[in-house]
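In what follows, a structure is listed as structure tokens, so that the remarks can point back to it.
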Amino acid sequence: MPEQRSVFRLTDGNSILLDLIRGFSAQAVVFGHALFFFGIIGLDTDPGVLVVQNFAVLIFFVLSGFLISYSTANKIRRREDYGFRTYFIDRFARIYVTLLPALFIVLVLDTISRQLYPTAYVYEASFNLTTFLGNLLMLQDIPGVPQLIGQPLTSFGSGQPLWTLAIEWWIYMFFGWCLLRIFLPAERRWTDWAILIPLLVVPSFNTWGGKGNGLMITWLMGSLAYLVIEAGYLKVVTRKQSLLLAGWLTVLGIIRFWKTGKEFDPILAFLATAVILLMVHFFATVTWPRLLAWFSRTNAAFSYTLYLTHYSVLELMRMHFGDSLSPWTLVLLGMVISTLIAAPIGLYVETTLTAKVKAYLYRQF
């Protein structure tokens, strides 16, 4: 009888590492946007500089592909009745329980900005009910939607990071539907195939282009990374070898960016995915210092809220302070204030409230 292969499970060392990357990436987005908001870096004057927020978004999509694939595969193994309905509840609770208060924060901050600084507010065209509802339905920047409704539909007001959320949501729906209604079931109805057609639009468009220049490919790299480690292919790689390989690939990534100047680059995404995968392998048996583990988990626990709300905070600061403070002082203040606003909300909403909403939806449906 052949030996049964053990199922891959994230260890505490893995989980803390991924939390550290996720939390640090969210702070990197805030830092990168603050550099631009307060005039330290400008795309026109520094075209070859690393736009750190763009690279952080790329890392988010790699992590998303890895973790969604890991979570879904393990739930399929544990529950015979696991299907698209449960998958949808998981994804809906994770995305929308935080999105709703974040949109409210954007609405409040933008209302203040419009009242106090009407001539400086530059998001008037997207600060309306149609755009707000469109963002709730994840229709921002979706191909064909402006033609259907007769007007542009982008991120609501100053909530500019919302463009990535629509891409991620429709990738989630496409992935879950393909896996749970097309690939795994023994029988498929014609309606399963019919529903798949509209779900193909956003992933297809973001395979060859879109704002992130192929973020669907980046997400799939994260998903494939999970398959690589789940299949046990890294077991032959020692921890020392994984560090050496990660270092080599990091150097290649730096050279790649130096040559292209592009953060949203499939080759750079591949290199980043490989480094993260090797680090997951390396940290599997690592015991993190207790304080660092707490910091990593806490910082990651409100990272989604921080990502969605910081842009509006920085925009209001730019209009209010103007040239009254030095740029680096504004960058530091912007990061601190954005964190102080997001942390108390996110630490409850992204953990306790999300779990409660998910449990409620499980009971109802």
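The values are calculated or read from the model by the stated rules, or taken from the named source; none is laboratory data. Computed from a prediction, not measured in an experiment: that's the story for all the values here. Neighbour counts run over all protein chains shown; Cβ positions are idealised from the backbone, glycine included.
Which numbered condition trips up I41, out of (1) crowded, with 17+ Cβ neighbours inside 10 Å; (2) over 20 Å from L278 (Cβ atoms); (3) of a type in the set (A, V, I, L, M); (4) in contact (Cβ under 8 Å) with a residue 24 or more places away in the chain? So I41 meets the others, but not (4). Checking the structure you have, find out if any residue of the range 182-205 is touching a residue at least 60 places away in the same chain (Cβ under 8 Å), of a type in the set (A, V, I, L, M, F, W, C) and surrounded by 21 or more Cβ atoms within 10 Å (Cβ to Cβ). Scanning the range 182-205 turns up at least one residue that is touching a residue at least 60 places away in the same chain (Cβ under 8 Å), of a type in the set (A, V, I, L, M, F, W, C) and surrounded by 21 or more Cβ atoms within 10 Å (Cβ to Cβ).
Taking the residues in the range 56-106 that are in a helix (DSSP H, G or I) and small (G, A, S) as candidates, determine which candidate is nearest to D19 (Cα to Cα). Give the derivation first.
First, pick out the residues of the range 56-106 that are in a helix (DSSP H, G or I): 56-78, 84-106.
Those left that are additionally small (G, A, S): 56, 64-65, 69, 71, 73, 93, 102.
Details: A56: 14, S64: 12, G65: 15, S69: 17, S71: 15, A73: 20, A93: 19, A102: 21 Å.
The qualifying residue nearest to D19 (Cα to Cα) is S64.
When each of L50, L109 is tested for being assigned to a helix (DSSP H, G or I) and either closer than 30 Å to L332 by Cβ or hydrophobic (A, V, I, L, M, F, W, C) (or both), the lone residue that passes is L109. In the range 355-365, what residues are assigned to a helix (DSSP H, G or I) and more than 20 Å from T305 (Cβ to Cβ)? Those that are assigned to a helix (DSSP H, G or I) and more than 20 Å from T305 (Cβ to Cβ): A359, Y360, L361, Y362, R363, Q364.
Among the residues of the range 206-223, those identified as without any contact (Cβ under 8 Å) to a residue 12 or more places away in the chain and part of a helix (DSSP H, G or I) are T207, W208. Being of a type in the set (S, T, Y) and over 25 Å from T218 (Cβ atoms) is true of T191. Is it true that some residue in the range 343-356 is within 23 Å of P118 (Cα to Cα) and among the aromatic types (F, W, Y)? Within the range 343-356, not a single residue is within 23 Å of P118 (Cα to Cα) and among the aromatic types (F, W, Y).
Counting residues in the range 56-73 that are farther than 30 Å from M279 by Cα, over 16 Å from the mean Cα position of the chain (by Cα) and surrounded by fewer than 19 Cβ atoms within 10 Å (Cβ to Cβ) gives zero. In the set L291, L268, L306, only one residue is at pLDDT 95 or above, crowded, with 23+ Cβ neighbours inside 10 Å and of a type outside the set (F, W, Y); that residue is L306. Residues of the range 141-189 being of a type in the set (D, E) and assigned to a helix (DSSP H, G or I), which ones? Listed by number, the list holds a single entry, E168. Residues in the range 236-260 that are surrounded by 13 or more Cβ atoms within 10 Å (Cβ to Cβ) and touching a helix residue (DSSP H, G or I) at 6+ places or on another chain (Cβ under 8 Å): V237, R239, S242, L243, L245, A246, L249, T250, L252, G253, R256, F257. Selection of the range 112-138 for residues being assigned to a helix (DSSP H, G or I) and touching a residue at least 40 places away in the same chain (Cβ under 8 Å) yields I112, S113, L116.
Inside the range 23-57, residues that are modelled with pLDDT of 95 or more and over 20 Å from Q160 (Cβ atoms) make up a count of 2.
Screening G32, G83 for residues that are within 30 Å of V280 (Cα to Cα), in contact (Cβ under 8 Å) with a residue 24 or more places away in the chain and touching a Pro at 6+ places or on another chain (Cβ under 9 Å) leaves exactly one candidate, G83.
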